[in-house]
1. Taking the stated definitions as given, is THR390 hydroxyl-bearing (Ser, Thr, Tyr) and surrounded by 15 or more Cβ atoms within 10 Å (Cβ to Cβ)?
2. Out of all the residues in region 378-413, which are small (Gly, Ala, Ser) and outside any helix (DSSP H, G or I)?
3. In this structure, does ALA234 turn out to be modelled with pLDDT under 80 and part of a helix (DSSP H, G or I)?
4. Would a scan of region 207-220 turn up a residue that is surrounded by 13 or more Cβ atoms within 10 Å (Cβ to Cβ), of a type in the set (A, V, I, L, M) and modelled with pLDDT of 75 or more?
5. When only residues in region 409-452 that are surrounded by fewer than 19 Cβ atoms within 10 Å (Cβ to Cβ) and basic (Lys, Arg) count, which is modelled with the lowest pLDDT?
6. Given (1) assigned by TED's automatic domain parsing to the domain that holds VAL460; (2) part of a helix (DSSP H, G or I); (3) closer than 23 Å to LEU464 by Cβ; (4) in contact (Cβ under 8 Å) with a residue 40 or more places away in the chain, where does LEU375 come up short, assuming only one miss?
7. Being in contact with a Pro (Cβ under 7 Å, 6 or more places away or on another chain) and aromatic (Phe, Trp, Tyr) is the filter here, so list the residues in region 85-119 that pass it.
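The values are calculated or read from the model by the stated rules, or taken from the named source; none is laboratory data. Quantities reported herein were computed from a predicted structural model and do not represent experimental measurements. Every residue, glycine among them, receives a Cβ derived from its backbone with ideal geometry; neighbour counts consider all protein chains shown.
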Amino acid sequence: MRRFNLSQRLTVLFILLLMLCATVACAVQLYSSMQYGNAMVQRLSGGLAQQIVQREPILDAQGSVDRRVLKPLFDRLMTFNPSVELYVISPDGDLLADAAPPGHIQRQKIDIAPLQTFLNGAAMPVFGDDPRSQGQKVFSVTPLRQDGELKGYLYIILQGEESNALAEMAWHKALWSTALWSLLLVALFGLLAGLLVWYWVTRPVKRLTLEVAGLEQDSMTAIKQLAAQPPEPAANDEVAILRNTFIELARKITTQWDLLADSDRQRREFIANISHDLRTPLTSLLGYLETLSLKSATLTPQEHQQYLTTALRQGQKVRHLSQQLFELARLEHGGIKPQRERFAMGELISDVAQKFELAARTRELNLHIDVPGPLPLLNADVSMIERVVTNLLDNAIRHTPPGGEIRMAVWQENEQLQVEVADSGAGIDAALRCGLFQRPSALNPQASRENRGGLGLLIVKRMLELHGGGIRLMDSVSGARFRFFVPL
């Protein structure tokens, strides 16, 4: 099949399906005909056993069965109707009398259950055991009673050996005739199906294949050319829908290519930014360390301590920035997964605020926390949500002037917990709002190195996205107001 083209495969498939349908149809037809014939024979001759019992004596005066007396009777009856075979059966199913030639009886006991089913008026055809074979056939039966006591059954097979031989010859003839006509019809319709498939299916597919074949040579240029083509309007043909799908796929690839190019540009900007941010404290750190190394003998103890303090502060900046870079890389590449557990959001906010109480008091800041009545427990990673609140509160404290005010509030909205952190500081410049939660860029001319923002808000956004939440900067008259949500 792999060596065939599409039209050949479809033609072979249609021929196989037609042959299968023809075979199934023939089998169903033959089976239905056999069942119908058996039912008709049993309905027409179902009372034959009772009529024979009413006309002919089967039992003697003692209620016994005499094989020598019954065999001439059975032979005479079977002469008038060669298709039947007569037997006398005991109440347990044992064979008591028959007219079969020697060696034709293959079972001396039959199942009584089908006889009871027939006598109870079940739907026909009802099949019973054939003493001359291992199969089952339609039959007629009537009980043999004497003085009200069951002595046995007159059991008549309605389609005997001679009838089966004639039926088998006719069935083989009909089968060969049906098979021959079926093959001729399958070949004719298969050829017609092959022509229709070639004209309606494979020809448009070949045209579409030629259009897409250019993707192998100059992929991106060919994809952009394919994306620029207009789709067919109101397409109801599968090939036209496939062509429109290729065009839509090319447009998505083009869009993703542009996004990747923009992401690569942002990556280069981000590397330039981080290099700039790392170079500044490292240069300062190395400068002070070189000064201490070269002038340690001439520096006063106060200058010595001042240079060490400055070098330590610059080293801490480098460590903090490297930790943020490592954490951001793990968040963006799936290295961190939320370890969810249930906890109270109000208690977490109170704990975080308590950690910053000394810093707020030192800067003479008023810290207000608004936690309403009982809130539902939040199913999230405690450490991540604590890091989010800590980052936002730390930013608010660092950017709020002495004597300012910081407000924190939490409330439930639909199936989410909303948390807001607002300060009375200078606020955020409008030029920085669009890229506030993006990677900071040193190539942005509108942002100075001090005001363009670090990685804290980007880490906050990534942590909230892992929980299905988000964060945004709200409009405020004064200061900055951040609001984030976490689904319950």
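1. So THR390 passes the test.
2. Hits for region 378-413 are ALA380, GLY403, GLY404, ALA409.
3. Numbers: modelled with pLDDT under 80: yes; part of a helix (DSSP H, G or I): no.
No.
4. No; the residues of region 207-220 include none that is surrounded by 13 or more Cβ atoms within 10 Å (Cβ to Cβ), of a type in the set (A, V, I, L, M) and modelled with pLDDT of 75 or more.
5. Among residues in region 409-452 that are surrounded by fewer than 19 Cβ atoms within 10 Å (Cβ to Cβ) and basic (Lys, Arg), the one modelled with the lowest pLDDT is ARG449.
6. (2)
7. TYR87
Let's see how each residue does on (1) assigned to a loop (DSSP other than H, G, I, E, B); (2) at pLDDT 75 or above; (3) outside the structural domain of PHE118 (by TED's automatic domain parsing):
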site: CYS26; (1), (2), (3): no, no, no
site: TYR36; (1), (2), (3): no, yes, no
site: ALA39; (1), (2), (3): no, yes, no
site: ILE58; (1), (2), (3): yes, yes, no
site: VAL69; (1), (2), (3): no, no, no
site: LEU73; (1), (2), (3): no, yes, no
